[in-house]
Every structure is written in C-alpha cells, then in structure tokens.
Amino acid sequence: MTPDLSCIVPSHNAGEGLLGVLEALHEATDSLSREVIVIDDGSRDGSIESAQERFPEIRLFRHPTAKGAAAARNAGIRNARGSLLCFVDSDVVVGPDSIEALLAAIDGVQLAHCIPYLEGEVPMFPPEVAGGYRVITAFFLIRRTAIEALDEPFDETYEIYNEDLDFFLRCRIAGHTARLVNGRHADHPLKGAA
C-alpha cells in the first residue's frame, strides 16, 4: 500500500540523537499512513546501524561518502512514495502533535512549516521574521506536486547551508504558498549533528 506521507530524515553522524528523533517521529505518526525514510549521508559513527536495529521498518538508503544535505534530501525525494513529504533533520525532535499540526496547516497551500525551538527554550528565529517562508529546512511538510513543479529540488552544489534558502526562494518564485504553524512543535538541541 502506498503511504500518504513520507517522512524523510537526512542523517550524517547523528549519534545516539538519531534514535530519539526516530522515536519521536514514530510516536507522532503512528496512526498515519506513512513511511519513514532515513538517508545516511556517509555516517561512520554507528548511528545508522543502531537506528536500523531499533526501527527495522524504516526505509534506509545510503551514500557511501558524504555528499551533503541537499543530496541527502534529494535521495529521500527520489525514494519517497507519499504525496506529502515531511522533512525532519536528524537533530530535530518533533512533538506528539507536530505532524498533525502540519497536515492541518497544509490545506489550501503547498508548504507548511514550524519553527523548531533551540534547547526547548527559544525559537530558532522570531515568527515575525519567518512570515510565510523560512530559511531553514529543519522541519517542514510539502506537497510532492510542489517539488515536481521545480526545475530541481535541492541544489546539490550547496553541500551544507544555503541549500534551504535557495530551495525556499525557488518555491516562492514558483508561486508556492506556505503557512507557518505557530507554537512549539519541535525542538532543535544545540548538540545536533544533522
């Protein structure tokens, strides 16, 4: 059966934190028609093996060497089967209602997102700065059709940083509308490795 939702987790040497990310994601999506895809971007720390052992249902795809966040996200897109794609960085812990909040928010728009909180205390940036779009890809939901309307998903010439700014800029130029979900729905620990 084809899932409605594909949760894509790009990961590079995420350590034990990856298990917490996957546990929270599992709890937040357990009642949904979904798949969880982990893209291992050349990890060497054993985190992927631990994740696969604890969550055998995940769909795992590997890059033998690190290619960068954009390449990992693109690999997730190529392998996803859902009509909705939820990107969760390997250092973002989603809240129990977070995915449901994004699913409710995407009605009538192409993209919905939350602002993760740093160490559970303060938003990564103020909501008034984010407006309808934000400049990081730590946690968001997008329609597959919106990604397919772009010339390319994530520009792989950006190995890390700015690939998200470029992606959201191209979404905006394409006329994709976005909705920000206010409130604390995800945490971004400062010790992350995504």
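The simple Förster model, with R0 at 22 Å and r as the Cβ-Cβ distance, assigns residue 172 and residue 19 a FRET efficiency of 0.05.
In the context of the full protein assembly, residue 121 retains an accessible surface of approximately 140 Å², using a probe radius of 1.4 Å and ignoring ligands and nucleic acids. With 10 Å bins beginning at zero, the pair-distance distribution over Cα atoms of the range 1-157 amounts to 11, 42, 38, 9, 0 %.
In whole percent, how big is the carbon plus sulfur part of the accessible area of the range 48-87, probe 1.4 Å, protein atoms only?
49
Averaged over its residues, the range 17-59 has an accessible area of 43 Å² per residue, based on protein heavy atoms and a 1.4 Å probe. What does a probe at residue 50 reach in the range 76-111, counting residues whose amide N is under 18 Å from the point 7 Å along Cα→Cβ? The answer is 89-94. As a ratio to 2.2 N^0.38 Å, the alpha-carbon radius of gyration computed for the range 2-43 takes the value 1.21.
Note on residue 162 and residue 122: their simple-model spin labels are 2.7 nm apart, each label 7 Å out from Cα toward Cβ. Taking the alpha carbon gyration tensor of the range 1-79, multiplying each eigenvalue by 5 and rooting it gives semi-axes of 20, 15, 9 Å, largest first.
The values are calculated or read from the model by the stated rules, or taken from the named source; none is laboratory data. Please read all numbers here as calculations on a predicted model, not as lab measurements. Please note: Cβ atoms are built from the backbone with ideal geometry, for glycine as well, and neighbour counts cover all protein chains shown. Keep in mind that these areas ignore ligands, DNA and RNA; they rest on the heavy atoms of the full protein, side chains included. Shrake-Rupley method; radii C 1.70, N 1.55, O 1.52, S 1.80 Å.
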